[in-house]
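Worksheet: the structure to be examined is printed underneath.
The values are calculated or read from the model by the stated rules, or taken from the named source; none is laboratory data. All values reported here derive from a predicted model rather than from experimental measurement. Quick reminder, even Gly has a Cβ in these numbers, built from the backbone with ideal geometry, and neighbours come from all protein chains shown. Areas reflect the complete protein model, heavy atoms only, side chains present, ligands, DNA and RNA absent. Shrake-Rupley method; radii C 1.70, N 1.55, O 1.52, S 1.80 Å.
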Amino acid sequence: MSIAVPGDSAATGPAPLALLIPGGHGQLGSDLATLGVAYGSVSAPGSAQLDVTDVAAVRAAVDDLADTARAAGRAPVVCNAAAYTAVDAAESDVDGATAVNSLAPGLLAQACARAGVPLLHVSTDYVFAGDASRPYEPTDPTGPRSVYGRTKLAGEEAVSASGADAWIVRTAWVYGGTGRNFVKTMVRLAGERETLSVVDDQRGSPTWSAQLAAGLLELAARVAGGRGPAQRVLHCTGSGRTTWCGLAKAIFTEIGADPERVRPCTTDQYPVPAPRPAYSVLSDAAWRAAGLTALPDWRDALGTFFAEHKESLLAGR
Ligand SMILES: NC(=O)c1ccc[n+]([C@@H]2O[C@H](COP(=O)([O-])OP(=O)(O)OC[C@H]3O[C@@H](n4cnc5c(N)ncnc54)[C@H](OP(=O)(O)O)[C@@H]3O)[C@@H](O)[C@H]2O)c1
């Protein structure tokens, strides 16, 4: 992956990192694992290796990280990429979503607090109501409208209440080379349908998981160097904004398909179990004010993503 690692202090900083990445096989987790090796050692277990709802397993993993990191002169950091991300399924599986999104972050944060290990926890635009008319700041009132959003907000609250040295990073509209996502779905549908209707009245900022991972690692290096931002809740997404329809047209363009085959429709015309925020744009002003690198414009990022992944995406559809 030819992503530049911003603010890579591993080569010059005081201590390399020892990263534990629960959810290490997901979209974000796998990119964190790939890019994390530039910063130090990486352990990126999937759910089969580390179930974040298992309190004993979580404690053992964090204690082990702390012990082995310190013995090796590395700075331990946990970056939690595990989540219940099936937004529609969560509406009818409240217990499942609560276990992973609400209770597990609390367990992880308590284990980090006990072991003196800093924690980066990833959250979502869905904690907001989505009825704003300007980008959401981290301090704006929350108001989730879905089970997924409510359980993720409860996870944030559990992390904040844990006493851990923790930062919560909200992101949105994530796609990457691993797992299922909107970009892959559009590539597949471009090969299956002559035209398709895509929602054009929800606005947000597409975020390439590899660029988000690079941003989180920049933050991890800062935190490990004792220079973590004063603000504990931050937003990090691709720059700029579009609609799902705008994103779909850009995807068609990237694969050489006619973007006019993508037709705009309204949210009402595409009913799904979980309500989506109409406006999901997150302000990265606090992220930039903390001296962290803003992510590139979403459209440029999509072009770079396709330059790396187009062949495999077309072959796999
Ligand atoms: N995708 C988006 O558009 C989006 C938008 C905003 C925020 N986010 C947030 O970004 C973060 C990363 O999301 P993502 O897109 O990378 O999601 P993802 O691809 O669905 O990855 C989530 C991972 O969580 C793991 N997981 C689920 N239950 C677990 C458990 N009990 N124990 C351990 N691991 C468990 C899964 O592991 P296995 O695969 O090994 O089962 C999965 O790989 C999450 O916090 C999510 O809420 C995502």
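Summing Lys and Arg as +1 and Asp and Glu as -1 over all other residues whose Cβ lies under 13 Å from the Cβ of Cys245 gives a net charge of +2.
Among the complete DSSP H segments of the chain, which ones combine at least 30 Å of alpha-carbon extent along their axis with a mean Kyte-Doolittle hydropathy of -0.5 or more?
Length and hydropathy pass: none found.
Taking the Cβ of Ala190 as the center, what net charge do the other residues with Cβ under 9 Å away carry, scoring Lys and Arg +1 and Asp and Glu -1? Net charge in that neighbourhood comes out at +3.
Leaving out ligands, DNA and RNA, and with a 1.4 Å probe, what % of the accessible surface on the stretch 101-220 is carbon or sulfur? Heavy-atom surface of the stretch 101-220 belonging to carbon and sulfur, 1.4 Å probe: 46 percent.
Relative contact order of the chain, taken over Cα pairs closer than 8 Å and 6 or more residues apart, is 21 percent. Put simply, when 289-296, 156-163, 105-112, 264-271 are sorted by average Cβ atoms within 10 angstrom per residue, most first, you get 105-112, 156-163, 289-296, 264-271. The distance separating the Cα centre of the stretch 152-225 from that of the stretch 243-296 comes to 12 Å. Per residue, the stretch 26-115 exposes 41 Å² of accessible surface when a 1.4 Å probe is rolled over the protein heavy atoms with every protein chain present.
Calculated accessible area for the stretch 269-317 comes out at 52 Å² per residue, all protein chains present (probe 1.4 Å; ligands, DNA, RNA ignored). Per residue, the chain reaches -12000 deg cm²/dmol at 222 nm when only DSSP H runs of four or more residues are counted, each adding -39500 (n - 2.57).
Classify the chain from the C-alpha gyration tensor, please: rounded if a/c falls under 1.5, else prolate or oblate depending on whether a/b exceeds b/c.
It comes out prolate by the Cα gyration axes.
Roll a 1.4 angstrom probe over the protein heavy atoms and tell me the percent of accessible area of the stretch 246-317 that is carbon or sulfur. Spell out each step's value before the answer.
Working: 1870 of 3590 Å².
Roughly 52 percent of what the probe reaches on the stretch 246-317 is carbon or sulfur.
Of all DSSP bridge pairs formed entirely within the chain, close to 5 percent run antiparallel.
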